[in-house]
Structure formats: structure tokens, C-alpha cells
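The values are calculated or read from the model by the stated rules, or taken from the named source; none is laboratory data. As the structure is a computational prediction, the values presented were derived from the model and not from experiment. All Cβ positions, even for glycine, are placed from backbone atoms using ideal geometry, and neighbour counts span all protein chains on display.
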Amino acid sequence: MRSRLELQRRDLTLLRDLFVSRVMTLRHIAALHFDGHVEAAKKRVGRLKEAGYLRTRVRRWREPAIYVLAVQGWSALEARGCLTGYPRLSIKTMSGRSEVSDLTLRHELEVMDVKATLVVALRQDEQYRLGPFVTWPRICEFDACDPKGQTVRVKPDGYLEIEHRNDSGKRGRWRFFLELDRSTETLQLLTNRCFLYLDHYRSGGFAVGRGGVREEYKKFPFRVLIICKSAERRDHLAERLHLNRETTGSQIWLAKLSDLLFCALGAIWRLPKNKMARGDSTLSQRILLPEGPRTHLRN
């Protein structure tokens, strides 16, 4: 018999995050919803699981528990109107969302590592305020034209917005798409993918999606954060993009995954021209600090 539990606002936010992100570990939940306090997260998550609002995937010995939203948790969100604006799912689709391959699961957990690390880092600096941060490709997907003029559906790993305040106190907004490289695609495919982002910007598609008009696309700039598993992969992609004039400039930023997990706001990002992003005076939008805080998630 399920125990009765009165859902709090933080519970609903957590359940909605699981609906969007699909999977989380306790470490992710603690970082995103309990200010890094693992024991507090463990107690509340245990009660939510006991009450049937979330559940864990079957795991191997010594692997961390991976939490997913249970149907009862999804029903609770629906009943309270917490999923307005999100894609509508059937019970069957909802039940099967967590049944993914091991390869896809590892990728989605790494995406959550990136999200949790960025959220923790941005919370530590008062000049930044995190806006929307979604990691469900279906929410941030778009159509763009490839170099051959064919329409391609692009499904980013994530999309986030950051409000910032300059020295004079004026606030602005930065927009970023997130791509976590699986190292299974060729560099040419990644280069073509970067072209699709460029087309999404220049065609005005992104501007229209943000409530603007195509002709004023320059008022809606964004960056693409591509995170690679190794420095070699990052540098080879930077060189390939630099040789392709259509994808040069400051729209594409590259970093190594381990660097981001260690110091997300540090001088870790490179432009295709193979210079450190913080050293390029032409950048009008940058979230980088000369020496950012280390952002290891607490174990």
C-alpha cells in the first residue's frame, strides 16, 4: 500500500524536471533542487518513491540509482496544471519514456551532468540569473536547410537562457543551444550540423520562434555550446570549422567535457579559430569569467 504524501512546491518542480529530463541520479537531484545537500535529497526522494510519484530503473550492482517519473507523478503534475505548454503524452508513451538503450542512457546522464554543473556555477555568481534550461530535444527542436538546400530537423541536447548584469547594472539575455558530442559522428557531420544552426539564425527561424520577425534576426543572437569528450576531438572540430568559412565566427563555442565539469565558467571555451573565447574582444556575449569557481558536484 502506497504511503500518503502531501506534495510541496519543490516536489512538483522536481517531478516536472524529471518529466522533461527523463532521468536523474540522486546527485543531480541534490544539486538542482536541494542546494547540494545529498542527505536531504535522499530523504525526500525516498518518500516520493515510497508514495509512488517516482521510481528507479533496474540497475546493475554498484551503479547509482537512476530516478524516473512514475505514472502517478505524471498524473499529479497533469492534475495541478504543471505541464501546460509541454508536449502532451499518452499513458503508454509516458510509461515507456525511460526505457532507452544503455548508450542513450549514458548520453542523457552526461547531459544532466552538464546541466547540474552549469546551474550550480551560475547560482554562485550574483551577476547571472538562469532562465529556461530544457534538456528535452522535442521542446527545442527546429527545421533548417543544409548546404544542399534540404530541410533537416535538428534536435539539440538542450537550450538555456541566462540573464546577466553588467557593471552599470543593465540587464541583458544570452541564449545557448547545447550539443554534447557522442564521438560517434564524423567531423563532417558535426560541421554540417553547425551550418544548420547558422541557417536557423540567418533565416530568421530562431527570431520567429522567439516572437520576432525574420528580417530582424540580428536582434536574436545565440551561441551553440559543443562539448567534446577529448581535447583532440575538440581541436579537430575547431580546425574543421575554421577551414569552413560558413561556420566560422563566434556562434560556435567548443569545450572539453571534463573541463566543464571542473570549472564551468572558467576559460575553457574555444572558438573555431582556435583562440580562447575570453581573448576575443569581438565577443559581445560571453558568460566566461577569467577564473571561474570550481563546480564539482558533491558526492
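For the stretch 127-179, how many residues meet the condition of being touching a residue at least 12 places away in the same chain (Cβ under 8 Å), acidic (Asp, Glu) and surrounded by fewer than 15 Cβ atoms within 10 Å (Cβ to Cβ)?
So the count comes out to 4.
Mind telling me which of the residues 108, 78 ends up being surrounded by 13 or more Cβ atoms within 10 Å (Cβ to Cβ), outside any loop (DSSP other than H, G, I, E, B) and touching a residue at least 12 places away in the same chain (Cβ under 8 Å)? Write out each step before concluding.
Details: 78 fails: touching a residue at least 12 places away in the same chain (Cβ under 8 Å).
Of 108, 78, the one residue that is surrounded by 13 or more Cβ atoms within 10 Å (Cβ to Cβ), outside any loop (DSSP other than H, G, I, E, B) and touching a residue at least 12 places away in the same chain (Cβ under 8 Å) is 108.
When the residues of the stretch 22-53 are narrowed to those that are touching a Phe, Trp or Tyr at 6+ places or on another chain (Cβ under 6 Å) and without any contact (Cβ under 8 Å) to a residue 40 or more places away in the chain, which ends up surrounded by the fewest Cβ atoms within 10 Å (Cβ to Cβ)? It would help to see each step written out before you state the result.
Step one: filter the stretch 22-53 for residues touching a Phe, Trp or Tyr at 6+ places or on another chain (Cβ under 6 Å), giving 24, 40-41.
Restricting the remaining residues to those that are without any contact (Cβ under 8 Å) to a residue 40 or more places away in the chain gives 40-41.
Numbers: 40: 13, 41: 21.
Checking each candidate, the answer is 40.
Between a residue in the stretch 257-285 that is over 21 Å from residue 115 (Cα atoms) and modelled with pLDDT under 80 and any residue that is of a type in the set (D, E, K, R) and outside any loop (DSSP other than H, G, I, E, B), which pairs come within a Cβ distance under 9 Å, given they are 6 or more apart or on different chains?
274/235; 274/239; 276/270
How many residues does the stretch 54-75 hold that are surrounded by 14 or more Cβ atoms within 10 Å (Cβ to Cβ) and aromatic (Phe, Trp, Tyr)?
Number satisfying all stated conditions: 2.
Could you tell me whether the stretch 180-193 includes any residue that is touching a His at 6+ places or on another chain (Cβ under 9 Å), assigned to a helix (DSSP H, G or I) and either touching a residue at least 24 places away in the same chain (Cβ under 8 Å) or of a type in the set (Val, Ile, Thr) (or both)?
Pass one, the stretch 180-193, residues touching a His at 6+ places or on another chain (Cβ under 9 Å): 180, 182, 187.
Still in the list and also assigned to a helix (DSSP H, G or I): 187.
Imposing the further condition that a residue be either touching a residue at least 24 places away in the same chain (Cβ under 8 Å) or of a type in the set (Val, Ile, Thr) (or both) reduces the set to 187.
So far as the stretch 180-193 goes, yes, one or more of its residues are touching a His at 6+ places or on another chain (Cβ under 9 Å), assigned to a helix (DSSP H, G or I) and either touching a residue at least 24 places away in the same chain (Cβ under 8 Å) or of a type in the set (Val, Ile, Thr) (or both).
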